[in-house]
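The values are calculated or read from the model by the stated rules, or taken from the named source; none is laboratory data. Since the model is a prediction, treat every value here as computed from it, not as a measurement. Cβ placement follows ideal geometry from the backbone for every residue including glycine, while neighbour counts extend to all protein chains displayed. Please note that ligands, DNA and RNA were not included when accessible areas were found on the heavy atoms of the full protein model with its side chains. Shrake-Rupley method; radii C 1.70, N 1.55, O 1.52, S 1.80 Å.
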Amino acid sequence: MKRSWLLAVVLIAGATVPRAAAPTITIDASAPAGKVSPLLYGLMTEEINHGYDGGLYAELIRNRAFLDDPASPAHWSAVNGAAITLDRNQPLNATVATSVRVEVTQASSGHPGGIANEGYWGIPVKPNTRYRASFYAKAAPGLTAPITAAIESEDGTTTYASGRVSGLTASWKQYEVTLSTANAAPTATARFVLTLDRPGTVWLGLVSLFPPTYKNQANGFRPDLLQMLIDMRPKFLRFPGGNYLEGDQIADRFEWKKTLGPLAERPGHMAPWGYRSTDGLGLYEFLLWAENMNAEPVLAVYAGYSLKGAYVKPGPELEPYIQDALDEIEYVTGPAASKWGSLRAKAGHPAPFALTYVEVGNEDFFDRSGSYDQRFVQFHKAIKARYPNLQVISTVGFEHPENQRVRSITPDVVDEHYYRTVEAFLKARGQYDKYDRKGPKIFVGEWGAYETPFQPWNPRSRGEAPTPNLRAAIGDAAWMIEMERNADLIIMHCYAPLLVNVNPGARQWRPNLIGYDALRVYGSPSYHAIKLFATHVGDEILKATATDTGVLVSATRDSRSRILYVKLVNPGDAPAAVQLDVDGAALRPTATALTLAGGAQDTNAIDAPERVVPKASQVAGVASGFTYTVPANGIVVLELATR
Ligand code: AHR
């Protein structure tokens with residue numbers, strides 16, 4: 001090939017070839033423009049979309065305490081003609097004030113009778129796996145038969161694992177058995193059964209089945225889901241909500257004291273998203289979850305307002321709620337010898353958890369009585385008096401947060417929420433330039449782009465995919481660019497909602513970041529965009545200006561390694577070349593580009609989990625003034641090493 005031809009081929013193929021007319025992005029690396037908050041990227045969580053029960057919390061039995069439906073044992077069915085009924089005359093205890101009566105009138109070893117649980121859209125069967133089954137049982141007089149616990153196919157024809165317990169008496173007692181599968185092919189079309197092989201009557205309470213959990217922690221987490229979260233390297237975990245903190249009514253709030261201790265002492269409660277929560281994932285488990293991710297808890301305390309409008313008047317009526325919040329903070333941070341710290345120690349964690357931020361309420365601007373201002377003041381004073389080092393976060397209004405702030409006192413931090421269309425996030429550039437740098441710091445405690453004009457909470461949107469497409473990820477990335485550029489002011493932010501069980505009927509919202517069923521999990525394009533950003537963020541903000549281009553940019557630097565992280569977002573449907581001028585740093589000639597790109601409508605799904613995933617490539621010829629082409633619908637992180 002002639003030399004001129006060879007050059008032409010290289011010119012066409014190269015992404016780094018200088019082109020005189022390309023619009024310019026200038027990065028000033030001579031001095032940082034600000035410090036990036038060390039907690040910038042984190043996670044927001046609540047019980048929605050079966051995020052905990054039927055999601056991260058590894059329990060496999062649905063309606064394990066027979067409390068979900070007062071009329072019948074929902075999600076349970078009879079096996080081989082047994083009669084199964086709720087029995088409030090035989091409560092397990094004062095907290096779990098019911099049980100199920102299982103009356104087997106005809107049974108043999110080939111045709112056992114009993115009760116089956118369908119799980120959360122199936123019981124996941126995995127090969128060579130040990131499951132821990134447990135249940136409380138008491139027998140009617142004369143019953144001497146053992147109970148068989150088994151994981152079997154939905155039609156009962158295939159048994160994947162089974163075990164027996166015997167020695168039932170007329171008193172409640174907890175029984176445990178390990179069920180081990182052999183080399184079975186993975187399936188979720190399976191159920192859990194408890195059966196007798198001869199006639200008799202038995203009462204059952206709090207039936208539980210756990211697969212192996214993350215680090216084998218008791219009452220723990222689904223490893224694959226937790227690993228997805230760990231991989232995002234979140235620096236904080238905001239919990240327990242969200243609306244889930246508040247509940248529809250005051251009685252439905254997240255009452256943390258009722259979420260502690262043995263599972264049989266946790267009554268669970270009605271959650272605002274239309275189903276009961278077991279509270280198996282309680283305050284202690286939230287803290288362990290954060291610790292497993294090496295993240296700080298950001299604790300939201302109930303502030304006296306619930307979603308349907310009930311509120312507690314500021315003043316003496318609010319005092320018990322304030323005391324409850326102080327007790328909660330003591331549970332998290334108090335020494336093992338303190339009243340509430342001792343319960344944490346008893347649960348297995350004598351060392352206090354580090355806590356910097358406490359949020360008072362959630363979206364309390366919905367309280368039309370206007371009581372939040374004074375409720376916040378009361379909480380703020382009490383928290384600061386007892387814990388002067390804690391930073392107290394207030395909630396603010398949607399979309400016009402600057403007009404809807406607490407006025408009587410200046411919070412340390414305010415929590416803004418943004419659920420917006422992609423277009424709105426693309427136009428948000430410069431939003432935070434106007435903010436007073438001497439005012440409260442900003443926590444963007446919930447945000448997410450949706451592709452359609454539907455509001456995410458609108459039932460009409462429920463027919464669509466549970467997770468967002470690449471176009472939404474472009475909106476998310478544009479918003480992260482704006483937040484990174486202002487990471488001196490925005491100390492933390494987190495996408496919401498985080499988790500969605502993709503089975504029909506499981507979700508209440510869209511879009512959501514991570515989808516899963518009983519066996520599988522996948523990240524949406526937005527998940528990959530956030531992970532890319534969160535795992536490539538320095539500690540210094542660099543000023544980055546873009547001229548004559550629709551490409552959005554933010555730049556940070558790691559002050560130790562001197563690596564520059566340049567994030568580029570091209571919302572257009574054609575590739576966009578930009579000239580990158582970097583002042584004040586000598587770039588090494590090769591760089592790494594991590595790229596998430598494709599068709600705007602491309603997306604991932606439970607059956608196609610990796611259609612849109614980041615790809616790494618090497619960029620040659622890097623020097624100030626080089627030209628880089630950002631692909632259409634492209635999100636790129638450039639890692640620029642310096643000399
Ligand atoms: O993320 C879903 C919901 O949106 C949260 O529960 C609530 O805080 C917000 O309105």
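What residue among 208, 192, 180 has its Cα farthest toward the positive end of the dipole of segment 178-296, where the charges are +1 on Lys, Arg and -1 on Asp, Glu, each on the Cβ? The residue sitting most towards the positive pole is 180. Residues 319, 330, sorted by accessible area with the largest first, give 319, 330 [1.4 Å probe; ligands and nucleic acids excluded].
Across segment 80-178, Cα pairs under 8 Å and at least six residues apart give a relative contact order of 23 percent. Of interest is the spacing of the C-alpha centroids, which for segment 506-543 and segment 623-643 amounts to 22 Å.
Cross-link pairs exceeding 27 Å between alpha carbons, from the set 138/215; 235/441; 441/531; 35/427; 35/434: 138/215.
Among the trypsin sites (Lys or Arg not before Pro) found in segment 369-446, those both in a DSSP coil and sparsely packed, with 13 or fewer other Cβ atoms within 10 Å of their Cβ, are 407, 427, 437, 438.
Accessible area per residue (1.4 Å probe, heavy atoms of protein chains only) ranks 198, 222, 64 as 198, 222, 64, with the largest value leading.
Using mean Cβ contacts within 10 Å as the protection proxy, how do 66-75, 510-519, 116-125 order, highest first?
The packing order, highest mean first, is 510-519, 116-125, 66-75.
Taking every alpha-carbon pair under 8 Å whose residues sit at least 6 apart, segment 283-393 reaches a relative contact order of 31 percent. For the chain, the per residue solvent-accessible surface stands at 38 Å², with DNA, RNA and ligands left out and a 1.4 Å probe. Here residue 615 is the anchor, and the aspartates and glutamates within straight C-alpha reach of less than 18 Å, apart from those fewer than 8 places off in the same chain, are 231, 602, 639. Nearest-5 percent of antiparallel DSSP beta bridges in the chain? Beta bridges within the chain, antiparallel portion: roughly 70 percent.
Ranking of 296, 482 by solvent-accessible surface, largest first: 296, 482 (1.4 Å probe, protein heavy atoms only, all chains present). Looking at segment 269-372, the trypsin sites (Lys or Arg not before Pro) that sit in a DSSP loop and have at most 14 other Cβ atoms within 10 Å of their own Cβ are 308, 368. Classify segment 530-611 as rounded, prolate or oblate, taking a ≥ b ≥ c as the square roots of the eigenvalues of its Cα gyration tensor: rounded when a/c is under 1.5, otherwise prolate if a/b is larger than b/c and oblate if not. It comes out oblate by the Cα gyration axes. With a ≥ b ≥ c the root eigenvalues of the C-alpha gyration tensor of segment 199-287, is it rounded (a/c under 1.5), prolate (a/b larger than b/c) or oblate? Oblate.
Nonpolar atom fraction for the chain, defined as the carbon and sulfur part of the 1.4 Å probe accessible area, stands at 53 percent.
Dividing the mean sequence gap of close Cα pairs (under 8 Å, 6+ apart) by how many residues the chain holds gives a relative contact order of 17 percent. For segment 333-379 versus segment 36-84, the inter-centroid distance based on Cα atoms is 25 Å.
Would you mind computing the Rg to Rh ratio of the chain from its alpha-carbon coordinates, Kirkwood style for Rh? Using only Cα positions, Rg/Rh for the chain is 1.03. Charging the Cβ of each Asp and Glu at -1 and of each Lys and Arg at +1, and nothing else, the dipole of segment 135-241 about its Cα centre rounds to 480 debye.
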